[in-house]
1. With r defined as the distance between the Cβ atoms of Leu567 and Ser368 and R0 fixed at 45 Å, what FRET efficiency is calculated, to the nearest 0.05?
2. Quote to one decimal, in nm, the extra length available between Glu489 and Asn544 on full extension: 0.36 nm per residue of separation minus the C-alpha distance between them.
3. Please give the FRET efficiency for Arg90 paired with Lys59, using the beta carbon to beta carbon distance and R0 = 35 Å, rounded to the nearest 0.05.
4. From zero up to wherever the largest Cα-Cα distance of segment 400-444 sits, split into 5 Å bins and tell me the percent of pairs in each.
5. In degrees, nearest 10, range 0 to 90: what is the angle between the Cα axis of helix 313-326 and the longest Cα principal axis of the chain?
6. Need one value: the accessible area of Asp371 in square angstrom, 1.4 angstrom probe, rounded to the nearest 10.
7. Over the heavy atoms of Ile491, what accessible area does a 1.4 Å probe trace out, to the nearest 10 Å²?
8. Do any of Lys5/Lys212; Lys275/Lys326; Lys166/Lys559; Lys288/Lys321 go past 19 Å between their Cα atoms, and which?
Amino acid sequence: MKVLKGTAVSSGLVRGLVCLYSDQSEETVSHYTITDNQISNEIARLEESFRKTQDSMQKMIKVAEKIFDKQAVGIFNVHLMMLKDEELLRKIISLIKEKKINAEHAVHDVFETYINLYNKKQLHFKELAQDFLNLKERILSSFSGLSGHFECSVGERQRVVVAAQKLTPYMVLNISRKNVLAFITQEGGYTTHAMILARSLGIPVIFNINVKENMRCMDRVIVDGFSGKVIVSPDRRTEKYYSQKIERHKTREKVCEIKSKIVSKTAGNLRIKLKLNISTPGELEMIKDFNHDGIGLLRTEFLFLERNHPPSREEQINMYKLIMQKAVNKPVVVRLLDIGSDKLPLFINLPQQINPDLEIKGARAVESFYDLYLTQVKAILIAAKGRDLKILYPMITDESDIIVFKKLISRAKKELKKEKEAFSKKITEGIMIEIPSAALRADVLLPMVDFANIGSNDLLQYTLAAYRGNALVEKRYHILHPSLVKLFEIIIRAGKKEKKEICLCGEISSFEEFYPLFLKLGLRSFSVAVAKFPHIKCELLHLNTSEKTDLLKKVYSAKSKLELDRLFLKTFPK
Ligand code: PEP
Ligand code: MG
């Protein structure tokens, strides 16, 4: 039995068999020469691998369409089209014949020519290079004789714990939800988009585990996504202990599901606003029975990413309307496009940025892409006709950014009036506080707007100067660093003074263990990942804010990440 300690980013408690998942890399591509007699065999292997890749991609597109809207899966369709290109197949076959090399070798060489060619060109071509790279990896992995990227076929037959070097959004989508009990990875980060996606689908994830050294396909494993423990080949006593724990956990899940229908209050009867973060329309299907207080953060980027042209005004109106209808009479906070960094639409042409998170992102993109923003604002205003609208401005640094957005809204209104188009008459404006300069001056910015959302994902990366998606600085990106708590205090104080709602919507709000601290700090409004909603609700219903604890003092005096972890780590389930 081996007990490994990693970092839990998405909670849950499961046990099952490990299935290693490999990203085919250079070193694993087999290279050998063949004889004349073997040429036809290699061509047959090549054609079979293309067919398998096409099949698995078609399956993946179906899964993706259920999670995202049809438009947003465009990128996967592009890959499929590339795969069907006869010219590509012809080139690889010629290489096999000419150089008398194995099929994998030929695939590798032909794709590398494309990748090198496009990498030398301008930005958009680099994306094409990335497409070729992804496709190359998928084809090469299909040669193993197993579909998908699993290293053992058990992953195709039953639900498994997927162990991999890293988690990509592609993987979360590609490996159907039905097949995954949990993800264990070496690399990761709390707020990378792959993790956000896994969390919103309710799949437990633990990273910081040396997968290659510690586990093999078919190993029995227990994944404790609460404490970050991974137990490989558990002994009988541990198995028994965890099977009881898992049963209790399942019961609690059921109880929480039922409780998610109750209005959000603490045990001391304090009303808390509990809202939902929506990043893809598919998540709306999961919220039907929840007693929630609205959509606290609608990330609109899903409508723009992975496509070659911006969505039309009509298309946007329809999508926003649909989401507002699903929220019934509850408020929907629509965040304007937060372009930049890892959320860059394909149709956007930006000069190469050295530090994308410090350059054109969120509010800073409005000037360069004014028409895009104007169309989005108009579409949102029209979609919200006859209802209140809450509009949220991303990545605000200071007053000047708010003024830019305010001018944009008034121009949109003016033009819609001219067009005789009806739109929402009751618009309230909010800002994302996710840059330290905005947090420190919340008292100056809040009087200019009606509400604010705390975006702790970005706020933390800018406060700690540690990029949220880089595993090398992950240890520095501590999800509850005392300096972040200090900034929370400043924002909450300003909110109280200005009587403006402050809603915590970064990923940190989806971690139930921090709620005693959040309430102590005076936060009363939260927006959380959909799959975490029942757990947070359960936690809130049990909390008593009148309890005297010196939690805040303990956070500020914690000397290390470990000390902070110990402070909040729960022995779960209760
Ligand atoms: C945040 O930064 O906390 C946030 C909610 O925005 P996003 O994760 O979309 O950047
Ligand atoms: Mg952000």
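1. Numbers: r = 44 Å, r/R0 = 0.97.
Approximately 0.55, to the nearest 0.05.
2. Numbers: separation 55, 0.36 × 55 = 19.80 nm, distance 2.01 nm.
Length gained between Glu489 and Asn544: 17.8 nm.
3. Working: r = 26 Å, r/R0 = 0.75.
Calculated value: 0.85.
4. The distribution over segment 400-444 is 5, 17, 23, 19, 13, 10, 8, 5, 0, given as percents.
5. Between the helix axis and the principal axis of the chain, the angle is about 70 degrees.
6. Ignoring ligands and nucleic acids, Asp371 comes out at about 110 Å².
7. 0 Å²
8. Details: Lys5/Lys212 15 Å; Lys275/Lys326 14 Å; Lys166/Lys559 30 Å; Lys288/Lys321 17 Å.
Result: Lys166/Lys559 exceed 19 Å.
The values are calculated or read from the model by the stated rules, or taken from the named source; none is laboratory data. Bear in mind that the values here come from a model prediction, so they are computed numbers and not experimental data. Glycine gets a Cβ as well: all are built from the backbone with ideal geometry, and neighbour counts include every protein chain shown. These area figures cover heavy atoms from the full protein model, side chains too; ligands, DNA and RNA do not enter into them. Shrake-Rupley method; radii C 1.70, N 1.55, O 1.52, S 1.80 Å.
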